[in-house]
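Chemist: First the structure, then my questions, so here it is.
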Amino acid sequence: MAPPSFGQRILIWIFKVVNKIIPWHRLPSLIGVLNLSAYRDELRSENLYDTYPSADFQGTASSAPMDDPRFLTARNSDGKFNSLEQPLMGCTGMRFGRNVPREFTAHPTQEELLTPNPRVVSERLLARQPGGFKPATSLNLLAAAWIQFQVHDWFAHENSTDEKEVVDIPLPEGDSWPQPCMKVPRTQPEIPLDETDKRYPAYKNTNTAWWDGSQIYGSDEGRTKDLRGKSEDGKLILDTSHPDVFLPRDGSGIPKTGFSQNWWLGLEILHTLFALEHNAICTELRAHNPTWTSDKIFDTARLINCALMAKIHTVEWTPGILAHPTLKIAMNANWWGLLGKRLHKLLGRVSKSEGLSGIPGSGAEQFAAPYSLTEEFVSVYRLHPLIPDDIVLFDVTTGEQRAKLSMHDVAFENARKPMDDGLGFKDVIYSFGINHPGAITLRNTPDFLRGLKLPDGQRLDIAAVDILRDRERGVPRYNQFRRLLHLKPVRSFEELTGNDIPLALEISDIYNGDIETVDLLVGMFAEPLPKGFGFSDTAFRVFILMASRRLKSDRFIATDWNEGVYTKEGLEWVEGNGMKDVLGRHFPELRDVIKDVENVFAPWREVGVSGEHVGQQTKA
């Protein structure tokens, strides 16, 4: 492990004492920011673990040579060469790391895997009750679509294709599931490289782990080439044969894009929006650089588009879902530094310190382990309660309700249904801006996901699968997870639920009175939240570490943040634009609606009678 500096150790010790009396989120904001910085220093030192036997598996310049010097200043779609010293780090097919020591991640026995029954947990603790939709009223549905859009850039596991490698989840008596048992393919483990791997399996990430827009551009160079076509200006292929521009479709009705699993209307919006944004950046770059090749325009536009998405996530989406004044300062500091946006734009970087002047341009660093995303990071981003049961669609011009569609109606090959039925993208995006997602809590996972019918005919209860996956991949259960992330374990079911006695009794009954066996997901959804938070403080500990790591580890953000790589126009594009600008650029009809919205992921101003219908949906 990489030890903290003496000054960092002092801060860590001070706040350990302070937090025994006052949690970080109840401290004055600037002191709270220091508290979060101390947490991050401790986590960077003690909670980053490589799952390879040695760093040699990250490659070297000789074992993984760069055949095309283009990738010195361009992202490789396979994720290679972000680090020039360890060129395989973070690339497609590399292993997930860990935020906890591997000795706490043993593969479970069959009894441990199925106890308590994941389907019972789903039915009794996770299922949204009829008419029991719990809205997250501080957010809009665009926020729910955004996080799935981002997650599809970051990680994906590979499931076994061996019909014998399945988990049979038994069904409790009287269960309405239409099959005798629920069959779930096991996650495919990596081939063991040593004895440690045999006891503590590792799994590979089939996406690149970098913030590189792979959900749009693909996670391999061949896919990227297909999505570009023969454009001379570095642009992505779009279907312009309709009044609205669409992504091109394959024979299945699912768009051709970088990552198209679990497709629905929310992904249709955001994939299309940022494909349009890529092409707009290409137009800008061509105007300033008329002699550039198509590759040079594409590569630079991709860098700019990816950096803009990273910035939006950092300074807009995150303060939206974690609406706490300390977090707003901290997340803006990740990007601009504690000296702030205004001073940063006036003076540029005044220091190499990420704290003072932000992470972009501060220099890449890997801390205690080579960069990867982690199994625990995947676990805390299980946010399926965000999905509502229905989406109410409105005309952005009049506010008139045009349709109310279930999630079934806008999923997979049906994602374009509202536009095929006469609505425009502008109307659908407006509707997402005024609809609420679900709150991330117990008993709020929609039936749509608990009986999900995949295009290949498979049927899954995603809530039960979420429980199963954490157990299968050796993610510690709730209390052990808290200990390993330097948090106090809860002592009782009453403490877990904030003294909600009926809920505490229900959880206790399911887990046979043993607080130590409560699953991580159940604990995170049950615990009381800090003021303004959309998800748990337990999940937030992984977030503190990994949110900045995705920026700080990346050469193209932390090191090569300069005009030579991005161009002057490119840096100005990233620094001068946000989600509001992206939406207004491509759908100018939305500009008036969002002009006074402070955060685009918060509810928008309603047009006409829209608000009456949204209010009725929330009450329902």
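Chemist: HIS344 fails exactly one of the following numbered conditions: (1) part of a helix (DSSP H, G or I); (2) in contact with a helix residue (DSSP H, G or I) (Cβ under 8 Å, 6 or more places away or on another chain); (3) of a type outside the set (D, E, K, R); (4) at pLDDT 90 or above. What is the number of that condition?
Modeler: It is condition (4) that HIS344 fails.
Matching residues to (1) free of Cβ contacts under 8 Å to residues at least 12 places away in the same chain; (2) surrounded by fewer than 21 Cβ atoms within 10 Å (Cβ to Cβ); (3) over 23 Å from PHE543 (Cα atoms):
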residue: LEU84; (1), (2), (3): no, yes, yes
residue: MET89; (1), (2), (3): no, no, no
residue: GLU103; (1), (2), (3): no, yes, no
residue: GLN110; (1), (2), (3): yes, yes, yes
residue: LEU114; (1), (2), (3): no, yes, yes
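Chemist: If the requirement is being touching a residue at least 12 places away in the same chain (Cβ under 8 Å) and under 21 Å from ARG40 (Cβ atoms), which of these qualifies: ALA275, ALA280, ALA323, ALA307?
Modeler: Details: ALA275 fails: under 21 Å from ARG40 (Cβ atoms); ALA280 fails: under 21 Å from ARG40 (Cβ atoms); ALA307 fails: under 21 Å from ARG40 (Cβ atoms).
Going through ALA275, ALA280, ALA323, ALA307 in turn, the sole match is ALA323.
Chemist: Does the stretch 101-121 contain any residue that is within 29 Å of LEU460 (Cα to Cα), assigned to a helix (DSSP H, G or I), charged (D, E, K, R) and in contact with a Pro (Cβ under 8 Å, 6 or more places away or on another chain)? Give the derivation first.
Modeler: Step one: filter the stretch 101-121 for residues within 29 Å of LEU460 (Cα to Cα), giving 104-121.
After this cut, where a residue has to be assigned to a helix (DSSP H, G or I) as well, the list is 104, 110-114, 118-121.
Now drop any that are not charged (D, E, K, R), which leaves 111-112, 119.
Those still in the list that are in contact with a Pro (Cβ under 8 Å, 6 or more places away or on another chain) too: 119.
Within the stretch 101-121 (the criterion being within 29 Å of LEU460 (Cα to Cα), assigned to a helix (DSSP H, G or I), charged (D, E, K, R) and in contact with a Pro (Cβ under 8 Å, 6 or more places away or on another chain)), the answer is yes, since at least one residue qualifies.
Chemist: Among the residues of the stretch 198-214, write down those that are charged (D, E, K, R) and either surrounded by fewer than 23 Cβ atoms within 10 Å (Cβ to Cβ) or more than 17 Å from PHE259 (Cα to Cα) (or both). Before you say what the answer is, go through the steps one by one.
Modeler: Going residue by residue through the stretch 198-214, those that are charged (D, E, K, R) are 198-199, 204, 212.
Those that are charged (D, E, K, R) and either surrounded by fewer than 23 Cβ atoms within 10 Å (Cβ to Cβ) or more than 17 Å from PHE259 (Cα to Cα) (or both): LYS198, ARG199, LYS204.
Chemist: Going by the structure shown, is GLY422 without any contact (Cβ under 8 Å) to a residue 60 or more places away in the chain and not in a strand (DSSP E or B)?
Modeler: Working: without any contact (Cβ under 8 Å) to a residue 60 or more places away in the chain: yes; not in a strand (DSSP E or B): yes.
So GLY422 passes the test.
Chemist: Considering each of PRO116, PRO87 in turn, give the residue that is in the same structural domain as ASP220 (by TED's automatic domain parsing) and over 26 Å from VAL167 (Cα atoms). So that I can check it myself, show each step before the final result.
Modeler: On the way: PRO116 fails: over 26 Å from VAL167 (Cα atoms).
Checking each option against the conditions leaves just PRO87.
Chemist: Moving to a separate point now. Quick one: is SER260 closer than 30 Å to LEU88 by Cβ and small (Gly, Ala, Ser)? Give the steps one after another, and end with the answer.
Modeler: Working: closer than 30 Å to LEU88 by Cβ: yes; small (Gly, Ala, Ser): yes.
So SER260 fits the description; yes.
Chemist: How many of the residues making up the stretch 157-187 are small (Gly, Ala, Ser) and surrounded by 19 or more Cβ atoms within 10 Å (Cβ to Cβ)? Let's see the steps before the verdict.
Modeler: Just the residues of the stretch 157-187 that are small (Gly, Ala, Ser), to begin with: 160, 174, 176.
Now narrow it down to the ones that are surrounded by 19 or more Cβ atoms within 10 Å (Cβ to Cβ): none.
Residues flagged as small (Gly, Ala, Ser) and surrounded by 19 or more Cβ atoms within 10 Å (Cβ to Cβ) within the stretch 157-187 amount to 0.
Chemist: Go through SER372, SER351, SER379, SER362 for me and flag whichever is at pLDDT below 95, among the polar types (S, T, N, Q) and not in a strand (DSSP E or B).
Modeler: Details: SER372 fails: at pLDDT below 95; SER379 fails: at pLDDT below 95; SER362 fails: at pLDDT below 95.
Within the list SER372, SER351, SER379, SER362, the selection yields SER351.
Chemist: Among (1) out of contact with any strand residue (DSSP E or B) (no Cβ under 8 Å at 6 or more places or on another chain); (2) farther than 19 Å from ARG44 by Cα; (3) charged (D, E, K, R), where does GLU365 come up short?
Modeler: Looking at each condition in turn, GLU365 falls short on (2).
Chemist: Tell me yes or no: at least one residue of the stretch 248-270 is under 25 Å from ALA143 (Cα atoms), among the small types (Gly, Ala, Ser), in the same structural domain as PHE540 (by TED's automatic domain parsing) and in contact with a Gly (Cβ under 8 Å, 6 or more places away or on another chain).
Modeler: For the stretch 248-270, residues under 25 Å from ALA143 (Cα atoms), among the small types (Gly, Ala, Ser), in the same structural domain as PHE540 (by TED's automatic domain parsing) and in contact with a Gly (Cβ under 8 Å, 6 or more places away or on another chain): present.
Chemist: Out of all the residues in the stretch 6-28, is one or more under 30 Å from PRO189 (Cα atoms) and either part of a loop (DSSP other than H, G, I, E, B) or of a type outside the set (Lys, Arg) (or both)?
Modeler: Going through the stretch 6-28, the residues under 30 Å from PRO189 (Cα atoms) turn out to be none.
No, the stretch 6-28 has no match at all.
The values are calculated or read from the model by the stated rules, or taken from the named source; none is laboratory data. In this text the structure is predicted, and so the values were computed from the model without any measurement. Note that each Cβ is placed from the backbone with ideal geometry, even for glycine, and that neighbours are counted across all protein chains shown.
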